[in-house]
Every structure is written in structure tokens, then in C-alpha cells.
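Data block below; observations after.
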Amino acid sequence: MSKKSNPPDEGTDKTNVLLDSQNTLLKELEKAKEQEACLIMIRGNPQGHRFFLNQKEMLIGREPTAEICISDQGISRRHAQITKEHEVVYLTDLGSSNGSFVNNRRLDPNEKVRLTKEDMVKLGGTILKFLPKGELEILFYGNLGSAAHTDRLTQIYNKGYLLEALEAEFKRARALHTDFSVIFFDLDHFKKINDTYGHDAGDLVLKEISQLIRTSHVRPKDLFARYGGEEFVILLYNTPGKAAQDIAERIRIGIETHPFIYENKRLPVTASLGVAEIQAGIEAAQTLLKKADQALYEAKNGGRNQVIFKG
């Protein structure tokens with residue numbers, strides 16, 4: 001006769017899960033303590049890059065020899081300088097042409113200011129976020145470029161990272177009173193391409209569209225991601241709605257005129273696009289995304305292969 005096993009103790013299981021989570025957090029905190037203070041590329045290229053402030057003096061500028069070299073035409077060759085004094089970090093403007101800004105305040109030439117946690121440093125078109133030594137968030141940004149944030153087929157950002165970036169940029173745009181727009185688009189009758197030519201043809205279209213838009217229609221500072229299936233989203237930093245609408249129209253034309261060739265046959269591919277911009281009445285990032293999605297819905301219902309802007 002077999003022995004009857006006792007049912008698992010639900011309370012013990014929950015305790016074990018909680019202990020595992022606490023142990024993981026403790027390990028992350030210990031790892032974070034080893035991290036130097038850093039400036040994180042919030043807007044610019046490469047987005048998410050961490051510049052660790054591990055020297056007493058570090059030059060910021062376009063000069064190739066600068067310790068923090070940023071390829072941005074709005075930044076002077078010798079734009080600003082970081083200095084560290086007993087783990088306290090300071091930023092000094094070096095008389096740059098376009099100025100250095102900390103939390104939207106322009107520094108006087110040669111003015112030296114102390115940086116504190118989450119200060120936003122704007123140089124030209126680039127925005128850097130300051131995090132002091134030992135902050136857990138430094139580890140999070142270290143993973144932004146990892147495979148976990150990349151769509152395997154198209155090699156652009158995936159939905160998970162898109163939503164993280166959307167939240168962060170929405171809050172930043174509201175705090176700094178800057179323009180911010182979203183393009184939400186999908187491919188017209190994409191199921192018909194898969195049904196007629198096969199899924200390999202559909203994959204080819206998705207990969208080619210991603211390459212086309214990434215290389216010809218979005219700036220390095222913008223974020224382009226696959227939302228799911230044949231749906232894509234572009235976050236346009238410092239871009240008002242009308243300019244975003246113009247970008248969307250160029251994308252629409254680019255897709256319509258691009259020769260998608262599969263087994264010596266040209267595939268008919270078009271897209272419908274919705275555009276929305278941040279406004280005073282929009283209180284959440286998801287609301288902005290939904291507004292762009294609604295515009296996309298109108299574009300599809302209105303005949304497809306068009307751009308609708310929700311102003």
C-alpha cells in the first residue's frame with residue numbers, strides 16, 4: 001500500500017519565494033555598491049550607454065580624446081568638464097557654444113555645479129542622467145543593450161523595452177517641458193502576404209521594413225521598436241506633432257515604394273500610421289500610446305495606406 005503524501009505547505013512555498021526575492025535583491029545591492037557614479041545617455045546615441053566617472057577630471061565633448069566623447073553636432077569639441085572631489089561630482093561648463101544645462105537651467109561659462117541624484121544634464125541635443133556611486137539603477141541601465149531588449153527577428157527594440165522607455169521619456173518630457181511624439185503603425189493586409197506567399201515572405205518583409213526605417217527614417221536619438229506581429233512604434237524625442245506627422249508620411253511613402261522581392265516576385269506592401277503628441281491633458285504615457293493607436297485605427301478604417309494625426 002502506497003504511502004499518502006502530505007500536500008505542500010502553501011505558506012512555506014510563499015516564504016521560500018519571498019526569501020529568494022530578498023536574496024536576489026541583496027545580491028543586486030551588493031553588486032551596485034561596486035559601481036562608480038555615472039552619466040547615463042537618456043537621449044542620444046548610443047541610448048542607455050553609461051559613462052562611468054572613474055577619474056578626478058573628465059572632459060566632455062566631441063573631441064576624440066575626450067574621456068566622455070559624444071558625437072553630437074550641438075556639442076562643442078571641449079564642452080564641459082567633470083571633476084570629482086571626495087566622491088562628490090561637479091560639472092563645469094567650458095564656455096561651450098550652446099551651453100550646458102542642469103535640470104533645464106543654463107550654467108554660466110566656467111560655472112561649477114554639484115550634481116545630485118537623477119540630475120538631468122543637457123548638452124546640445126543630448127541628455128544625460130546622473131546617478132551617484134552605488135545606485136541600483138546603474139545596473140538596470142547596464143542591461144539596456146542586452147538581448148532581452150531586442151526583437152530576435154527584426155533586431156530592433158522589443159515591446160518590453162519600448163514600454164520602459166516610453167514611461168521614462170514621457171516623465172522626462174513633462175518635467176523638462178519638451179516636445180515628444182509617438183508614431184504607431186502596422187502593415188496593411190499582412191495576413192494576406194503570409195497566406196499567399198508563406199511566412200518566410202512575411203518575415204522578409206518585417207526584416208526589410210525594420211532595416212529601411214532604422215537606416216533611412218529615424219534619427220539616432222529616436223527609439224524604434226516592434227510592438228508585436230506587424231505593429232511598430234517610434235518614439236520621437238524633442239519632436240512636435242506636425243514634424244512627427246511629416247516623418248510618418250515619409251515612412252508611408254518609403255514602405256509603399258520599396259521593392260520587397262521574394263522569389264523574384266514583388267510583394268505589395270503598404271502601411272497605416274497613427275501619430276500623437278504629448279499635450280497638457282495627457283497625464284500618462286499609456287494614454288499617449290493609446291491616442292496614437294486610435295489614430296492608427298482611424299487610418300485603417302479610412303482606407304489604409306495613410307497617416308492620421310491626433311492633435
Exercise. Which residue pairs have Cβ atoms under 6 Å apart, sit 6 or more places apart or on different chains, and have a first residue in segment 260-282 that is closer than 20 Å to L166 by Cβ and free of Cβ contacts under 8 Å to residues at least 60 places away in the same chain and a second that is open to solvent by 70 Å² or more (accessible area, probe 1.4 Å) and of a type in the set (G, A, S)?
Worked result: none
Exercise. Name the residues in segment 86-137 that are part of a strand (DSSP E or B), surrounded by fewer than 18 Cβ atoms within 10 Å (Cβ to Cβ) and of a type in the set (D, E, K, R), would you?
Worked result: R105, R106, K112, R114
Problem set entry | Of residues in segment 268-282 being in a strand (DSSP E or B) and not hydroxyl-bearing (S, T, Y), the one most open to solvent (accessible area, probe 1.4 Å) | E277
For this session: Look at segment 74-83 and say how many of its residues are open to solvent by less than 40 Å² (accessible area, probe 1.4 Å) and part of a strand (DSSP E or B).
Result: 3
For this session: Kindly indicate which of I247, I308, I255 is of a type outside the set (G, A, S) and closer than 22 Å to D203 by Cβ.
Result: I255
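Residue by residue, here is whether (1) open to solvent by 20 Å² or more (accessible area, probe 1.4 Å); (2) at pLDDT 85 or above; (3) within 21 Å of the chain's Cα centre (by Cα) holds:
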site	(1), (2), (3)
T24	yes, no, no
K27	yes, no, no
K33	yes, no, no
E36	yes, no, no
P46	yes, no, yes
R50	yes, no, yes
T65	yes, no, no
I68	no, yes, yes
D72	yes, yes, yes
Exercise. Which of the residues that make up segment 138-154 are assigned to a loop (DSSP other than H, G, I, E, B), modelled with pLDDT under 85 and open to solvent by 20 Å² or more (accessible area, probe 1.4 Å)?
Worked result: N143, G145, S146
Exercise. For the subset of segment 248-267 comprising residues that are touching a helix residue (DSSP H, G or I) at 6+ places or on another chain (Cβ under 8 Å) and open to solvent by less than 60 Å² (accessible area, probe 1.4 Å), which member is farthest from V182 (Cα to Cα)?
Worked result: Y262
Exercise. Which number in (1) crowded, with 17+ Cβ neighbours inside 10 Å; (2) modelled with pLDDT of 90 or more marks the one condition that Y157 misses?
Worked result: (2)
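Residue-by-condition table, conditions (1) without any contact (Cβ under 8 Å) to a residue 60 or more places away in the chain; (2) in a helix (DSSP H, G or I); (3) surrounded by fewer than 20 Cβ atoms within 10 Å (Cβ to Cβ):
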| residue | (1), (2), (3) |
| --- | --- |
| R172 | no, yes, yes |
| I183 | no, no, no |
| L212 | yes, yes, yes |
| P220 | no, no, yes |
| D246 | yes, yes, yes |
Problem set entry | Near pairs, Cβ below 9 angstrom, 6+ apart or cross-chain, from segment 80-101 (under 18 Å from E67 (Cβ atoms) and of a type in the set (K, R)) to any residue that is modelled with pLDDT under 95 and outside any strand (DSSP E or B) | K84/A37; K84/L53; K84/N54; K84/Q55; K84/K56
For this session: Quick one: I253 ticks every box in (1) part of a helix (DSSP H, G or I); (2) touching a residue at least 12 places away in the same chain (Cβ under 8 Å); (3) β-branched (V, I, T); (4) more than 29 Å from G48 (Cα to Cα) except a single one, so which number is it?
Result: (2)
Seminar exercise, completed: Pairing a residue in segment 293-306 that is more than 11 Å from D188 (Cα to Cα) and assigned to a loop (DSSP other than H, G, I, E, B) with any residue that is at pLDDT 95 or above and of a type in the set (S, T, N, Q), where Cβ atoms lie under 9 Å and the two sit 6 or more apart in sequence or on different chains, gives G302/S272
For this session: Might you check whether a residue that is more than 23 Å from R43 (Cβ to Cβ) and either in contact with a helix residue (DSSP H, G or I) (Cβ under 9 Å, 6 or more places away or on another chain) or modelled with pLDDT of 95 or more (or both) occurs anywhere in segment 232-244?
Result: no
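The values are calculated or read from the model by the stated rules, or taken from the named source; none is laboratory data. Fair warning: this is a prediction, and the values are worked out from it, not measured in the lab. When we count neighbours, we look across all protein chains shown, and the Cβ atoms used for this are built from the backbone with ideal geometry, even at glycine. Only protein heavy atoms, including side chains, enter the accessible area calculation; ligands, DNA and RNA are left aside. Shrake-Rupley method; radii C 1.70, N 1.55, O 1.52, S 1.80 Å.
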